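The values are calculated or read from the model by the stated rules, or taken from the named source; none is laboratory data. Keep in mind it's a predicted model, so treat the numbers as computed, not measured. Reconstructed Cβ throughout: ideal geometry from the backbone, glycine too, with neighbour counts over all protein chains shown. Just so you know, the surface numbers come from the protein's heavy atoms only, side chains and all, with ligands and any DNA or RNA stripped out. Shrake-Rupley method; radii C 1.70, N 1.55, O 1.52, S 1.80 Å.
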Amino acid sequence: MPAATFLHGRRTPWSAAPTELRAWVAQQLGGEIVDASDRTGGMSVGLATVVRTATRSAFVKALDGDHNPVGAQNCHHEARMAKDLPVLAEIPALIAAGDIPGTAWTANVFEAADGRTPDHPWTGSSFGRVLDAWHRLTPKLHGVEWPHALTAPHAFFDRWQQVAGDTEDPWHELAQSWATRLESAMSRIGGDPEHPAILAHIDLRADNILLGTTEPGVWFIDWAHPALAAPWLDPAILFADVIASGADVHDGGEVDATAVWRAHPATERYDIELMQATVAALAFATHVGANRPPSPLFPHQRGWERAMADGLAPFIARLR
C-alpha cells in the first residue's frame, strides 16, 4: 500500500475500459494488445495503464467524459501541451490522442518508460538520481519557445494568505510568522531578471517520476500543466515532496534537504529561502485544500492534501 503522501488512488482498470477504447489503442499502436498493467498514481480515477503489443509498449491515460467532464478537458489540455513539448529523452512522447468514437471517453497514448516511481519516504539514492537527471534536463528547457501564455499558478501558491487572514484557522499564527518571507519569495515564481522564467513542469512529485533499472534512466511524466516559471520552482516543489514523505533527517529520514539544496549543482545557485518558502506555500495550500468539501471527481484528493500538509508542518514549524 503506497504511503498517504504518495498521490494515488483507485483507478479504472483496463478490463473495465470500453471495447471501443481498447480497439482504438490497438489501432494506434499497430497491433493487438497482448498485456496490460494498471497503475495507481495521480489525482484522477481514470484509466492509467501500460499496454503492450508484440512489438511495442505504451502508457494509456483515459477517462469517461460523461462521468468527469473536467477530467476530459484536462486530458485534451494535456494532449495539446504534449504536442508542443520539445523532443527529449527524459520526457515520454505523445503517440496519439483523441475522443473515442461511439463513447464519451477520451484518451492520450504516450511512449512507455520502463521504470518505477520513487518510494515514499524518498531514499537518498533515489533523490540523488532524480536531482542529477533534472540538472541534465533543465538546460534543455532554457530557451524553449512556449506558445501558450501560461504562467506559474500564483493563486495556488498564495493560499497562505487565506490562512493568515483567518484567526479561527489552527495554522493562522504559523502563516503569519511566514507572511513576509512568503510575500517576497512567491512574488518571484514567475521569474525575474536574476532568474528568468523557463518551461516548468509544476507538478514534480514522485508519482510523476519514473526510475529505470539502470542509470541514468529517469523520466519526468505527466506534463499536464507546464508553464513558464522561475527555474528554482520545480526543484523546490520536488524538495517539498521529499520532505512531506518524511525523508528529511530531522524527521527520521536519510535526506538532509537543506544541505542538499546548498550543495547540489541543480540548486546550489538559488537562495535556500526560495526552497523553504515554496515548501511553506505548499504546506499552506494543501492545508487549505484538505479542509474543503470532498471532491466527487477526485475522491482521494483531500486525504492526500491532509497527508502532505501534516508531513510539511514540522519542517515549516522549525523554520518559522
Given (1) of a type outside the set (K, R); (2) open to solvent by less than 50 Å² (accessible area, probe 1.4 Å); (3) in contact (Cβ under 8 Å) with a residue 24 or more places away in the chain; (4) more than 24 Å from T138 (Cα to Cα), Q276 misses just (4)
- Query: Residues in segment 55-64: is at least one over 17 Å from D114 (Cβ atoms), of a type in the set (D, E) and under 19 Å from the mean Cα position of the chain (by Cα)?
  - Reply: no
Scanning segment 126-177 for residues that are modelled with pLDDT of 95 or more and of a type in the set (G, A, S), the one surrounded by the most Cβ atoms within 10 Å (Cβ to Cβ) turns out to be A175
| message | Checking the structure you have, find out if any residue of segment 229-242 is surrounded by fewer than 19 Cβ atoms within 10 Å (Cβ to Cβ) and either touching a residue at least 60 places away in the same chain (Cβ under 8 Å) or farther than 30 Å from A93 by Cα (or both). | response | no
Among residues of segment 203-225 being small (G, A, S) and not in a helix (DSSP H, G or I), the residue surrounded by the most Cβ atoms within 10 Å (Cβ to Cβ) is A224
Residue pairs within 7 Å by beta carbon, gap of at least six or interchain, first lying in segment 19-31 and closer than 20 Å to A93 by Cα and at pLDDT 95 or above, second open to solvent by 70 Å² or more (accessible area, probe 1.4 Å) and outside any helix (DSSP H, G or I), listed first then second, are A26/E32; L29/R56; G31/A54; G31/T55
In segment 52-83, anything among the aliphatic types (A, V, I, L, M) and either without any contact (Cβ under 8 Å) to a residue 12 or more places away in the chain or closer than 16 Å to P18 by Cβ (or both) is listed as V60, A62, L63, A72
